[in-house]
1. Being modelled with pLDDT of 95 or more, over 20 Å from TYR170 (Cα atoms) and β-branched (Val, Ile, Thr), is that true of even one residue in the stretch 254-266?
2. With SER168, SER219 as the choices, which residue is more than 26 Å from ASN282 (Cβ to Cβ) and over 17 Å from the mean Cα position of the chain (by Cα)?
3. Only one residue in VAL75, VAL86 is part of a loop (DSSP other than H, G, I, E, B) and β-branched (Val, Ile, Thr), so which one is that?
4. Residue check: is LEU227 free of Cβ contacts under 8 Å to residues at least 12 places away in the same chain, more than 15 Å from the chain's Cα centre (by Cα) and farther than 20 Å from MET92 by Cβ?
5. Report, by residue number, each residue of the stretch 54-104 that is touching a helix residue (DSSP H, G or I) at 6+ places or on another chain (Cβ under 7 Å) and open to solvent by 40 Å² or more (accessible area, probe 1.4 Å).
6. Does any residue of the stretch 343-356 turn out to be at pLDDT below 95, surrounded by fewer than 16 Cβ atoms within 10 Å (Cβ to Cβ) and out of contact with any helix residue (DSSP H, G or I) (no Cβ under 8 Å at 6 or more places or on another chain)?
7. Could you please find all residues in the stretch 210-238 being in contact with a strand residue (DSSP E or B) (Cβ under 7 Å, 6 or more places away or on another chain), outside any loop (DSSP other than H, G, I, E, B) and buried (at least 18 other Cβ atoms within 10 Å of the Cβ)?
Amino acid sequence: MKKIIVFFLLFSLSLAAGRNDNSNLSLPKIDKRVELLSIVFRLAGNNEYNMDMFKNYVKDIHDYFDKYKDHPLIVFAGKLRDTRGVSFDAVMKMAVHISQPPELNPIIPFTSMVPEPRWGKEDAEKFIELLKQFYVDTNCEDFFKQHEEMFLIAQERFKIVYDHFDVSWYNKFYGTAPKGNFNIIISLGNGSGSYGAKILFPNNQEDVYAIMGTWTADSLGKPTYRLDGYLPTLIHEFNHSYVNHLVDENAKEFENSGKILFEQVKDIMKRQAYPTWQIMMNEALVRASVIRYLKSHNNSPSEINVEIQTQIVKGFTWMKELVAALEFYENNRDEYLTLESFITMLASFYDDLTLNTKAPVK
């Protein structure tokens, strides 16, 4: 979910020419839905949508929209945050589940689970009606037109990250062919907040998203995207679309060990906005998978070790062992065709890891 600080050198520019087929990966783009929802929850006061790394754009947002802080939509957004926990990735999941403005209609019907359980069907539908009115009342399209040049600069500059990203690795590693497209969305208003999201359509097709924040700019205040800062985060966010459902669907197998580990590191996890053992377990597997990606793309042992140590400092103290477990999976693909088929082994790994620790489960 958050920006990963990575201290290692990434592959050279010459690697781009030899990368695997990225034909189902869309070009990076600014998406008005993402910008709009980021603005709404900035005005509503969500801390995670009030970062100001990209200062010029943030100033423009406040100059244009602050007079609308009492709009019914903004009041309702704050209520959703306080009563339902609508924040972080829940906001971005709503963004990709609606059509482009000014229509802003659900792409698929809302349910208690769509776009995300924290919304709830009735509140999601009410939010959309208020959002449509906010778009008109604020003449939001005019704000976007004023920033078209900035959007084009961001899209062009992010291509260096796109050119070094190997989307084919996901099929190889997870053993599951994509059922739709990979979409890279650049957000200028999210600061260092980056998120993974997925839409599952009724025909079982799916689109996956990496919504990338912008936290660096040049001396002129224009967005910049360095490989060493943004590529690992891009890898991370797409991993969420493969990992989260595996852990969630097998929650009972991971619950005991997950609660034990969470009890040991809950303070540092909560500071990173990972308030439950399930979220922590998702994050651990995502981060270990990023390390397997890096190793498969010729990063040196010292670079891999630095990344493992970085994750240990972040509270994932078992990262080295988890990466080794995934290496065992990769070395035995004749037996484990997919990561899903390895999930029971992963649960056993965690049980062994916590075997001598008393469970805090009541």
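The values are calculated or read from the model by the stated rules, or taken from the named source; none is laboratory data. Quick caveat, the model's predicted, so the values are computed rather than measured. With ideal geometry, Cβ positions are generated from the backbone for all residues, glycine too; neighbour counts draw on all protein chains shown. To get the accessible areas, we keep the full protein, side chains included, count just its heavy atoms, and leave off ligands, DNA and RNA. Shrake-Rupley method; radii C 1.70, N 1.55, O 1.52, S 1.80 Å.
1. yes
2. Only one candidate passes the filter, namely SER219.
3. It is VAL86.
4. Considered against the rule, which asks whether it is free of Cβ contacts under 8 Å to residues at least 12 places away in the same chain, more than 15 Å from the chain's Cα centre (by Cα) and farther than 20 Å from MET92 by Cβ, LEU227 comes out as no.
5. Within the stretch 54-104, TYR64, TYR68, LYS69, PRO72, ARG84, PHE88, GLN100, PRO102 meet the criteria.
6. Scanning the stretch 343-356, I find at least one residue that is at pLDDT below 95, surrounded by fewer than 16 Cβ atoms within 10 Å (Cβ to Cβ) and out of contact with any helix residue (DSSP H, G or I) (no Cβ under 8 Å at 6 or more places or on another chain), so the answer is yes.
7. ALA210, ILE211, MET212, PRO223, TYR230, THR233, LEU234, GLU237, PHE238
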